[in-house]
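The values are calculated or read from the model by the stated rules, or taken from the named source; none is laboratory data. The structure presented is a predicted model; accordingly, all values stated were derived computationally and were not measured. Cβ placement follows ideal geometry from the backbone for every residue including glycine, while neighbour counts extend to all protein chains displayed.
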Amino acid sequence: MWFEEQSKCLPTPETVKTFAKWLLEMCRKIRGQGKEEAEDLIGRIGVLSWEIWKTRNQTIFQNTIPNPNATIIRAKILESEIRKAMQKKE
């Protein structure tokens, strides 16, 4: 799983009781890393959170069935697009 590999965290129902608690735990883990690794992880958390939010809204407002794998794939694509856009600016 992309996020597990990138963040060294496997979110499961047993390890994640609420999104807020999971996010705080991830922030604690970030503090122990170097600046560049921390910035990458923060970006991944932000992108994944955005895609989770969009999936949640589709489920509620469009009555779709949530697909965690598709959400992760969209997050990977968005992160890649952001990185490409940032490289073009440099």
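Looking only at the stretch 30-53, count how many residues are among the basic types (Lys, Arg) and surrounded by 14 or more Cβ atoms within 10 Å (Cβ to Cβ).
1
Yes or no: the stretch 6-23 includes at least one residue that is at pLDDT 85 or above and of a type in the set (D, E, K, R). Checking the stretch 6-23: not a single residue is at pLDDT 85 or above and of a type in the set (D, E, K, R).
Evaluating Asn57 against the criteria (1) modelled with pLDDT of 85 or more; (2) polar (S, T, N, Q); (3) not in a helix (DSSP H, G or I) leaves one unmet condition, (3).
Across the stretch 17-46, the number of residues qualifying as polar (S, T, N, Q) and under 20 Å from Thr71 (Cβ atoms) comes to 1.
Cβ-Cβ contacts under 9 Å between residues 6 or more apart (or on different chains), taken from a first residue in the stretch 36-54 that is closer than 14 Å to Glu25 by Cα to a second residue that is not in a helix (DSSP H, G or I), are listed as Ala38/Gly32; Leu41/Lys8; Leu41/Gln33.
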